[in-house]
Structures are given as C-alpha cells and as structure tokens.
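The values are calculated or read from the model by the stated rules, or taken from the named source; none is laboratory data. Predicted model, so just to flag it, every value in this text is computed and none were measured. Using ideal geometry, Cβ is built from the backbone for each residue, glycine included, and neighbour counts are taken over all protein chains shown. Remember, those area values only see protein heavy atoms, side chains included, never the ligands or the DNA or RNA. Shrake-Rupley method; radii C 1.70, N 1.55, O 1.52, S 1.80 Å.
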2 protein chains.
Amino acid sequence: MIANTPKPPYYAVIFTSVRVEVEEDYREMSDKMIELVQQQKGFLGMESAKNEIGITVSYWDSLEAIKNWKMNVNHIEAREKGRSIWYKKFKVRISKVERDYKFEK
Amino acid sequence: MIANTPKPPYYAVIFTSVRVEVEEDYREMSDKMIELVQQQKGFLGMESAKNEIGITVSYWDSLEAIKNWKMNVNHIEAREKGRSIWYKKFKVRISKVERDYKFEK
C-alpha cells in the first residue's frame, strides 16, 4: 500500500537491508514491530517491498517522533536481534520530505 | 544493492508505485532508464525492491540534478508511458537526507 501521508513537510526514514538466510523468529518480530509502530505518536504511515534487498520507508511528523520510536524498548530489542541474527547489512537514512505528488487512475 | 551514498546532506527521491498487469515494453524501458539515470550529473545511487508495491529510491547531490533528470526527454517519454500504460498509481516524494548510518557484518 502507498502511504497516505499529509502535505509536506514531514519526515521519511528509509531503511534498506540485506538479510542473512536465517528465519528464526523474524516474521513474528516483524509483525510485532509493524503493529507497534502504528501506535506511535507522530507515525504517518509505512511502505515496504522486498526482493534481493528490502526497503521499508516509514513516515513521521517530526524528528522527535522518530527519536521516541528509536528509544522504544521493544524496538531496541528488535534492532539488537536484527544486528545479531537477521541482517547481513543495512542502511538507515533520516530525510525530510519537502515535496510530493501522486498519480492515480 | 544498498547504494553507497556520500556523507549527508544529499537528496532522496522516493518513488512508490502500483503497477497494472500490462507488461508491454515495461522491462525494456525500465532497463533503459536504469542505464540512463546512472549517466546523469549528480546521480549518487539507487535502490529498488518490489512485491505488491514497488519502491525505488534514487539519490542525488542537489535539487538541480533531480530537476535535470525530470527534464530529460527520454525520461519524460518513459513517464508518459508509465501514466498511460504501466502504473495504476504512484507517489513521488522529494526528500533531503539529513543523517544516515549503516551496519555491516
């Protein structure tokens, strides 16, 4: 689903990752995080796709909201497992969306 | 592949799309655009993944570089075909990457 974000400016966290071939608890944790992130103050939406690499973009109304999510204890636990078990590498980019436009048939 | 971008600030164009089920010339045009975009001045890299939705993030050194690519005649032709043939809907977000970090095993 394309996220239905408000008028800019808002923030985008672009998370690009390469997984190792270990599934251990990954799906369970991923589902848990998707549920939890949607309850966070300032969360605006999320988009995700995956083949050789995974790209997840989450949208936020402020840098403070992004920071609060980063400090969430369940999220910290998930990230620690991510580094130790599931991910070979990843990159996180914090960006400010200045302009957007859409097309729909 | 995770794009090997320089130190921020730089720009990210987040293109999220939903395709219709028509393949007509899509792969050929997509390959042509991927080749062409890499020759553009100010292009820093690109990441792409797809299942229900497609997400392509391209990285640029300036808003001017993004604008020049938007004005490229071959790219204009591709976008017109995209609207008329290949895409059901899409959203484009122009954002400024302010901070990034990576993890690698």
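Across the identical copies, the 7 Å label point of A:LYS70, projected outward along Cα→Cβ, sits 2.9 nm from its counterparts, in ascending order. With a threshold of 24 Å on the Cα-Cα distance, the over-threshold entries among B:LYS41/B:LYS89; A:LYS91/B:LYS81; A:LYS70/B:LYS7; B:LYS50/B:LYS91 are B:LYS41/B:LYS89; A:LYS91/B:LYS81. The largest-to-smallest principal axis extents of the Cα set in the stretch A:1-44 are 39, 22, 17 Å. What is the distance in Å between the Cα centroid of the stretch B:47-105 and that of the stretch A:67-105? Their Cα centres are 19 Å away from one another.
Ordering B:LYS88, A:LYS81, B:LYS41 from largest to smallest accessible area (1.4 angstrom probe), what's the sequence? Kindly include the intermediate steps, with their values, before the conclusion.
Details: B:LYS88 105, A:LYS81 65, B:LYS41 185 Å².
Correct descending sequence by accessible area is B:LYS41, B:LYS88, A:LYS81.
Charges were assigned to the Cβ only: +1 to each Lys and Arg, -1 to each Asp and Glu. The resulting dipole of the stretch A:46-105 about its Cα centre is roughly 320 debye. Both chains summed, the buried accessible area for A and B stands near 4200 Å², from protein heavy atoms and a 1.4 Å probe. When B:MET46, B:MET29 are compared by accessible surface with a 1.4 Å probe, the order from highest to lowest is B:MET46, B:MET29.
For the protein assembly as shown, the gyration tensor built on C-alpha atoms gives a prolate shape. Its axis ratio a/c (a ≥ b ≥ c) is at least 1.5, and a/b is the larger of a/b and b/c. Residues whose amide H comes within less than 5 Å of that of A:ASN72, counting only those at least five positions distant or on another chain, are absent (H built at 1.01 Å from N in the peptide plane). With a 1.4 Å probe rolled over the protein heavy atoms of all chains, the accessible area of B:TYR59, A:TYR101, B:TYR11 falls in the order A:TYR101, B:TYR11, B:TYR59, largest first.
Starting from the alpha-carbon convex hull of the stretch B:10-97, give the projected area averaged over all orientations, in nm². Present the calculation step by step, with values, prior to reporting the outcome.
Numbers: hull surface 21.0 nm².
Taking a quarter of the hull surface, the average projection is 5.3 nm².
Across peptide A:13-26, the mean count of Cβ atoms from other chains lying within 10 Å of each residue's own Cβ comes to 2.
A probe of 1.4 angstrom, applied to the heavy atoms of all protein chains, finds B:GLU52 with accessible area near 150 square angstrom.
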